[in-house]
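K.L.:
Structure incoming, see below.
The values are calculated or read from the model by the stated rules, or taken from the named source; none is laboratory data. Just so it is clear, the structure is predicted and the values come from calculations on it, not from any experiment. Virtual Cβ from ideal backbone geometry, glycine too; neighbours counted across all protein chains shown. Keep in mind that these areas ignore ligands, DNA and RNA; they rest on the heavy atoms of the full protein, side chains included. Shrake-Rupley method; radii C 1.70, N 1.55, O 1.52, S 1.80 Å.
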Amino acid sequence: MSAGLRTAVRRRLPYELWHLLHAASYLTLLLGYAHQFSNGAQLHQPGLVRTGWIAGYVLVVAALVWGRVLAP
């Protein structure tokens, strides 16, 4: 989504709804990760594939923490 469109949508939504949508998207991301680890066939056996997925997940969570908590 472009910055202009995001700004226009944010202006029209009440802050509480905007905040709820963000919280719901983060919760969805974390639940998706939990689902992959509990049901994902590639993540059950140790190996290169599992290590790659875990590294990808760690990088995404680190980027979210950096961009939403530490950097601002």
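K.L.:
Could you report the chain's accessible area per residue, 1.4 Å probe, as an integer in Å²?
P.N.:
Solvent-accessible surface per residue comes out at 82 Å².
K.L.:
Carbon and sulfur: what percent of the chain's accessible surface (1.4 Å probe)?
P.N.:
Result for the chain: 69 percent of the exposed heavy-atom area is carbon or sulfur.
K.L.:
Still on this structure, I have one more. Scanning the chain for helices, which whole DSSP H stretches are 24 Å or more long along the axis (Cα) and average 1.6 or more by Kyte-Doolittle?
P.N.:
Taking the DSSP H segments of the chain (at least 24 Å long, mean hydropathy at least 1.6), we get 48-65.
K.L.:
What FRET efficiency, computed as 1/(1 + (r/R0)^6) with R0 = 25 Å and r the Cβ-Cβ distance, is obtained for His22 and Ala62, rounded to the nearest 0.05?
P.N.:
0.90
K.L.:
With each pseudo-label sitting 7 Å past Cα toward Cβ, what's the Leu30-Val9 distance in nm, one decimal?
P.N.:
About 2.2 nm, to one decimal.
K.L.:
Also: Considering the Cα trace of the chain, what is its radius of gyration and what is Dmax, both in angstroms?
P.N.:
Expressed in Å, the Cα Rg and Dmax of the chain come to 16.1, 48.
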